[in-house]
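Heads up, the thing below is written out as structure tokens.
Since every read-out is calculated from the coordinates, none of them should be taken as a lab result. Here the structure is a predicted model, which is why all the values come from computation and not from measurement. In this analysis, Cβ positions are derived from the backbone assuming ideal geometry, glycine residues included, and neighbour counts consider all displayed protein chains.
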Amino acid sequence: MKLLRGKTAIITGGASPRGLGKAAAVMFAQHGCRVAILDLDADAADQAAADLPGAGHVGRACDVTNKESCEAIAADLVSAFGQIDILVNIAGITQPLKFMEIEPQNYDDVLDVNLRGTLYMSQALLPHMRDRKGGSIVNMSSVSAQRGGGIFGGPHYSAAKAGILGLTKAMAREVAPDGIRANAICPGFIATDITAGKLTNEMRAQVLDGIPMGRAGTAQDVAGCCLFLASDLSSYVTGSEVDVNGGSLI
Ligand code: NAD
């Protein structure tokens, strides 16, 4: 069964070859969705779109911290696709800093991409979704928001990802009467480029010890959750934070 047949989606931060955005894009395309991949580099976004199964996918350069750029790309894609049903805000960065190491620029950079980008891209598409009286927005938070940090993200990353939870719930409340749903995913330790090569064997053993399922997550584990939240299978789910963490918080 194709869960997204005839639907269209925008996925930000989707060009990283082993990343969560690319995996979601592949799964969406396998389920009949036409996908627009947005990322910083136009060639990388084009290539990621070209890799997807099926036809009609596009890649676009977009810096999600730039409001004008988000608005221009959203308008362009609404006109190219005719409709946008799904927005998945995945673009994110992290910095492994301790509390006292965070400089103002670090704080701005991490909050800008993760939190401001989620706001700007959602604002750019909401008028269109309101006109159509439907849509699903999926925002990428993190277990770092719930647990207060981790090996990869500093306190400013935790703050940004916790901000995404608040933003998602407030957005979900406001747009529910318009038929639009908004949910957040909190991945645990997922093996992608953001985590690759950053663990010593000792750190890795320590991380795995805290995961009842005893393994790192895969990008496909998170993509499956994106698919659920994007599709009508989750038609009565909004304002939720969904854990994809192998039981890390049990
Ligand atoms: P990744 O680094 O592989 O991919 C992130 C993508 O975002 C990259 O392609 C990057 O170019 C893009 N990006 C960065 N800044 C951007 C900007 N200003 N505008 C547009 N695109 C931009 O990371 P990933 O592991 O795939 O993580 C994806 C998301 O999931 C991030 O928000 C991350 O914080 C979150 N997350 C990841 C994990 C994990 O363990 N991998 C865990 C929890 C949450």
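Of interest is the spacing of the C-alpha centroids, which for the stretch 172-250 and the stretch 29-98 amounts to 20 Å. Residue separation of Met213 and Leu233 scaled by 0.36 nm, minus their Cα-Cα distance, works out to 4.7 nm of gained length. The phi torsions of the stretch 86-101, fed into the Karplus equation with coefficients 6.51, -1.76 and 1.60 and a -60° offset, translate into couplings of 9, 10, 10, 8, 10, 3, x, 9, 9, 9, x, 10, 8, 3, 6, 8 Hz, rounded to whole numbers, with Gly and Pro shown as x.
Checking the Cα-Cα distances for Lys98/Lys198; Lys7/Lys169; Lys2/Lys67; Lys67/Lys169; Lys22/Lys98; Lys7/Lys133 against a 26 Å cut-off, the pairs over it are Lys2/Lys67; Lys22/Lys98. Proximity of backbone amide H atoms, modeled 1.01 Å from N, is registered between Ala36 and Ala9, Ile10, Ile11, Val58 at under 5 Å, excluding neighbours fewer than 5 places apart on the same chain.
Over the chain, dividing the summed -39,500 (n - 2.57) contributions of all DSSP H runs of at least 4 residues by the number of residues returns a 222 nm mean residue ellipticity of -13000 deg cm²/dmol.
Across the stretch 21-26, coupling constants 3J(HN,Hα) worked out from phi with the 6.51/-1.76/1.60 Karplus curve, θ = phi - 60°, read x, 5, 4, 5, 4, 4 Hz, and Gly and Pro carry x. Computed log10 I(q)/I(0) for the stretch 8-243 at 0.07, 0.12, 0.15 Å⁻¹: -0.20, -0.62, -0.98, from the Debye equation with unit scatterers placed on every C-alpha and solvent omitted. Taking the charge dipole of the stretch 8-243 about its Cα centre, with +1 at Lys and Arg Cβ atoms and -1 at Asp and Glu Cβ atoms, the residue from Val35, Ser231, Ala159 reaching farthest to the positive side is Ser231.
Label the stretch 50-114 by shape, choosing from rounded, prolate and oblate, from the square roots a ≥ b ≥ c of the eigenvalues of the Cα gyration tensor; if a/c is under 1.5 it is rounded, and otherwise prolate applies when a/b is larger than b/c, oblate when it is not. Judged from the Cα gyration tensor, the stretch 50-114 comes out prolate (a/c at least 1.5, a/b above b/c). When +1 charges are put on Lys and Arg Cβ atoms and -1 charges on Asp and Glu Cβ atoms, the dipole computed for the chain relative to its Cα centre reaches about 780 debye. Distance between the 7 Å Cα→Cβ label points at Asn201 and Gln30: 3.4 nm.
Comparing Ser141, Ser235, Ser79 in a Gaussian network model of the chain, where Cα atoms under 10 Å apart are tied by springs, the biggest mean-square fluctuation is seen for Ser79.
A convex hull fitted around the alpha carbon atoms of the stretch 114-250 yields 106 Å³ per residue.
Highest mobility in the GNM of the chain, judged by mean-square fluctuation with C-alpha springs under 10 Å and restricted to Val88, Val143, Val207, is found for Val207. The stretch between Arg173 and Asp108, if pulled fully straight at 0.36 nm per residue, gains 20.7 nm over its current Cα-Cα span. Taking 0.36 nm per residue of separation and subtracting the current Cα-Cα distance, fully stretching the chain between Arg18 and Ala75 would add 17.7 nm. Taken one residue at a time, the phi angles of the stretch 236-241 give Karplus couplings (6.51, -1.76, 1.60, θ = phi - 60°) of 10, 10, 8, x, 8, 10 Hz. Gly and Pro are set to x.
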